[in-house]
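J.: Below are the C-alpha cells for one structure; questions will follow.
The values are calculated or read from the model by the stated rules, or taken from the named source; none is laboratory data. These numbers come from a predicted model, not from an experiment. Glycine also receives a Cβ, built like all others from the backbone with ideal geometry; neighbour counts cover every protein chain displayed. Ligands, DNA and RNA are excluded from the accessible area calculation, which covers all protein heavy atoms including side chains. Shrake-Rupley method; radii C 1.70, N 1.55, O 1.52, S 1.80 Å.
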Amino acid sequence: MKPLHWFSGTLAASCLALTGCSQPEQHTAVETEADSSLAWYQRDTEMNPRLAEYIKTLSSDEFQGRAPATAGETKTVAYLEDHFRRIGLKPIDGDSYKQPVSLVQIDPVQVSGMALNGALETTLTYRDDVMAWTTRVVDGVELKDSEMVFVGYGIVAPEYDWNDYEGLDVTGKTVVMLVNDPGYATQNPELFNGNAMTYYGRWTYKFEEAARQGAAAALIIHETEPASYGWGVVAHGSPIKFDLISDNKNMDRSKIEGWITAETAGRLFAANDTDIETLRAQALSGAFKPVPLNTTASVSVKNNLRELVSSNVIGYIEGSKYPDETIIYMAHWDHLGMDFSNPSNPVFNGAQDNASGTGAVMALAEYFVQQPQPERSIAFILVTAEERGLLGSAWYAEHPVFPLEKTVAAINMDVMNVYGPMEDMVIVGLGNTDVEEILVKYTKQQGRYAVAEPNPEAGIAYRSDHFSLSKKGVPILYASGGNDHYQHGAEWGAAQRAEFNRCCYHKVTDQWRDDFDLRGTQQDMFLYFRVGNELANSRHWPNWYPGNEFRAIRDASADARQ
Ligand SMILES: [Zn+2]
C-alpha cells in the first residue's frame, strides 16, 4: 500500500496538520506501480487524509453556498488562498492567488408578453409559452415587428458542408430553430457525431451563430428529449443571468435570446400549414432552405444591471526545465448561494457540486508539492461562476495566466464520485483527445476499466469548465469513477446517481453526508495525478484526434510547441 505507507497515518497526518510545516519535504520515492497483490478496490484509496475535511468545510453552512461576489465568496476564496499558501504553491500576482473576474448580473425585472402578428395572431405568455432575455449589458431592449423565419438547426458547420442560413440574410429577423443537432435526430454516426451531442447542438452555440448571422432575435424550440431537460429547467429557474463584461457590452449579441415551447412552435407552424415533423425532415434533407413564417414578433425587456467582481484562485508549481509549459488541474469553487425563501434550510451547500471537486484539487495539489519538482509547470485553477455559465473559466480562457498554446492539457473535476470504489472510469468525450490514452493505461494498472459516458447526447463535454479551454484548443480530460461499485455492482451505483439527480442536484439538499465513501474519489485523484505527472515529465504534446471539432484550433498554434 505504497501511498498509504508513504502517507502513513501518523507521519503524514502530523506533517500536514502542522500549519508551520511550510517547506514540504521533498520525497525521493515517488509512487510506483500500484500493489497488484491487493484487490483493485483496496489500492490507492488514500492519497490525502484531509480530503473529507476540505469537502466538509467548503460545503458547510458557514460558506453560505459559495455564490460569486457574496460573503460566501469572501470566505471561500480566503480559505483556498490560505491552503495554496500553506502548501507552498506559487501565487500569480505578488503574494495573491486571485485572478479578478469582471461579471455583470442582468436581472430582467420586466419582460412583456411576446406579441405575434401575421399568420399567427397571439401574445405568448412569459415563462409559459416563451422565455426571453437579453445578454446585452443595457437597461433594456425592444424588439419590434421582427420577421420570423425557421432556420432548421441554426448550424453553420463547414466540416459537414452544412449551412442552415444559406441564401438568406437574417439581419433584423427572428430566427426559430430546433435544439440539439442532426446527428441526434438521425443517429447517423457520420453526421455530427451521431447520438453524441456536438457543440453545434448546444444552445450556447445556436445563439452565438444567430448573432454572427445578424439576427435580432433567436428562439430555440424546446423539446425535452433532444434538450435532455424539461421546460422547467428553461423557464422555472431564476431568470437572472450573469455574463462576463466584454468591452462592447455584448452589443454584438442578438437583442433577444430565448426559448419557445414545442406547443407554441406547433401553433406557429400550423398557421403556416405545416408542422414540426415536416420541417424537421426538411431541416435534415441536406437541401434545406430557411422557411419564412409570415409572422412578426415584438417583445420588450427591462433589466436591472449590477457589475461585480469575483475571483478565480490560481496557484502553481514551477517546472524545473520547461516552466512555460503547463498542465492544468481545475474545478469550480462556486455554487448557488442562499435560498432566502426557505428559512429552514436556506444554504445551497453544494457538497458534491462542487465542494468535492474543489477539495480534490486542494488535496491533489498538497500531494503534488511533496513530489520531486516536475520538468513542466503544474497549475491548480479554482474557477468562479461555473454555475452562472462557465464564466470564471471563460474569463481565464480570455485572460490566460499560462499561455494557452503551451498549455499541455487541462484536467477538470466537477462532481466527484462519493459512493466508494467504482471499477469503471467514465471518460466524457471518449475518442476526442489522446490524453485519454494515458488515463486508460493507469486505469488498467489500477485494476479498473475505462468506459465512455453513458449519455453522450446530453452534451456533458460542453457543460463544465473544461469546455472553456476546449474552445481554445487545449486538450482536456474530464473523467471520474462511474457506477460499477466494488460491492453492490452497477445497478446500485446507477441508483445512487439517479437518486442524487432527483433529490439533491442543484438543491439545498446537496449536503455533506457521513456515509460518503471517498475511497473512489482518492482512486480517481491518483489517476489524475499519474496522467499529469507523466505529462509534466515528458516532451509529449497531446492533441485532439483528427476530425475533432477542436483539432484545427489547436493545430493553428503548433509552431509555438516546436
Ligand atoms: Zn458543478
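J.: Of (1) polar (S, T, N, Q); (2) within 16 Å of the ligand (Cβ to nearest atom); (3) touching a His at 6+ places or on another chain (Cβ under 6 Å), S310 satisfies all except one. Which?
T.: (3)
J.: Could you run through segment 321-334 and say how many residues are more than 16 Å from the ligand (Cβ to nearest atom) and either of a type outside the set (S, T, N, Q) or closer than 18 Å to L518 by Cα (or both)? Walk me through it before giving the result.
T.: Pass one, segment 321-334, residues more than 16 Å from the ligand (Cβ to nearest atom): 321-328.
From what's left, either of a type outside the set (S, T, N, Q) or closer than 18 Å to L518 by Cα (or both): 321-325, 327-328.
Here the count works out to 7.
J.: What are the residues in segment 541-554 that are under 19 Å from H466 (Cβ atoms) and assigned to a loop (DSSP other than H, G, I, E, B), if any? So that I can check it myself, show each step before the final result.
T.: Looking only at segment 541-554, we keep the residues that are under 19 Å from H466 (Cβ atoms), and these are 541-545, 548-554.
Listed by number, the residues that qualify are W541, P542, N543, Y545, N548, E549, F550.
J.: Something else now. Does segment 538-556 contain any residue that is open to solvent by less than 20 Å² (accessible area, probe 1.4 Å) and out of contact with any strand residue (DSSP E or B) (no Cβ under 8 Å at 6 or more places or on another chain)?
T.: No, segment 538-556 has no match at all.
J.: Next up: Mind checking which residues of segment 379-422 are in contact with a Ser or Thr (Cβ under 8 Å, 6 or more places away or on another chain), more than 15 Å from L469 (Cβ to Cβ) and more than 16 Å from the ligand (Cβ to nearest atom)?
T.: Result: P421, single match.
J.: Filter segment 335-351 down to the residues that are within 16 Å of the chain's Cα centre (by Cα) and either open to solvent by less than 10 Å² (accessible area, probe 1.4 Å) or more than 16 Å from the ligand (Cβ to nearest atom) (or both) and list them by number.
T.: If we filter segment 335-351 for residues that are within 16 Å of the chain's Cα centre (by Cα), which is where we start, we get 335-336, 350.
Within segment 335-351, H335, G350 meet the criteria.
J.: Identify all residues within segment 161-178 that are outside any strand (DSSP E or B), among the hydrophobic types (A, V, I, L, M, F, W, C) and either modelled with pLDDT of 95 or more or open to solvent by less than 10 Å² (accessible area, probe 1.4 Å) (or both); write none if there are none. Quick ask: steps written out before the conclusion?
T.: Of all residues in segment 161-178, those outside any strand (DSSP E or B) come to 161, 164-173.
Still in the running and among the hydrophobic types (A, V, I, L, M, F, W, C): 168, 170.
Within segment 161-178, V170 is the sole residue that qualifies.
J.: With (1) within 25 Å of G359 (Cβ to Cβ); (2) free of Cβ contacts under 8 Å to residues at least 40 places away in the same chain; (3) away from the ligand (no atom under 16 Å from the Cβ); (4) acidic (D, E) as the list, and E491 as the residue in question, which single condition is left unmet?
T.: (1)
J.: Looking only at residues that are under 16 Å from E208 (Cβ atoms) and crowded, with 23+ Cβ neighbours inside 10 Å in segment 463-474, which one is farthest from the ligand (Cβ to nearest atom)? Please lay out each step first, then the result.
T.: Taking segment 463-474 as the starting set, the residues that turn out to be under 16 Å from E208 (Cβ atoms) are 463, 467-468, 470-472.
Those still in the list that are crowded, with 23+ Cβ neighbours inside 10 Å too: 467-468, 470.
Values: F467: 12, S468: 13, S470: 16 Å.
So the residue we want is S470.
J.: Within segment 489-498, can one find any residue that is part of a loop (DSSP other than H, G, I, E, B) and farther than 20 Å from L439 by Cα? Write out each step before concluding.
T.: Taking segment 489-498 and keeping what is part of a loop (DSSP other than H, G, I, E, B), we get none.
So far as segment 489-498 goes, no, none of its residues is part of a loop (DSSP other than H, G, I, E, B) and farther than 20 Å from L439 by Cα.
J.: With the requirement that a residue be more than 27 Å from the chain's Cα centre (by Cα), assigned to a strand (DSSP E or B) and closer than 30 Å to R561 by Cα, what does segment 297-322 give you?
T.: Y322
J.: Restricting segment 374-423 to residues that are out of contact with any His (no Cβ under 9 Å at 6 or more places or on another chain) and of a type in the set (D, E), which is farthest from G65 (Cα to Cα)?
T.: Here the residue is E375.
J.: Considering only segment 423-435, state which residues are open to solvent by 20 Å² or more (accessible area, probe 1.4 Å), away from the ligand (no atom under 16 Å from the Cβ) and touching a helix residue (DSSP H, G or I) at 6+ places or on another chain (Cβ under 9 Å).
T.: E423, L430, N432
J.: Sticking with this one: Quick one: which strands (runs of 3 or more DSSP E) sit completely within segment 46-160 and have at least 1 residues that are more than 30 Å from Q446 (Cβ to Cβ) and open to solvent by 40 Å² or more (accessible area, probe 1.4 Å)? Spell out how you get there, then give the answer.
T.: Details: elements: 98-111, 114-118, 122-124, 130-133, 140-150.
The strands (runs of 3 or more DSSP E) meeting that bar are 98-111, 114-118, 122-124, 140-150.
J.: Can you confirm whether T295 is away from the ligand (no atom under 16 Å from the Cβ), surrounded by 15 or more Cβ atoms within 10 Å (Cβ to Cβ) and more than 24 Å from A458 (Cβ to Cβ)?
T.: Values: away from the ligand (no atom under 16 Å from the Cβ): yes; surrounded by 15 or more Cβ atoms within 10 Å (Cβ to Cβ): yes; more than 24 Å from A458 (Cβ to Cβ): yes.
Criteria met by T295.
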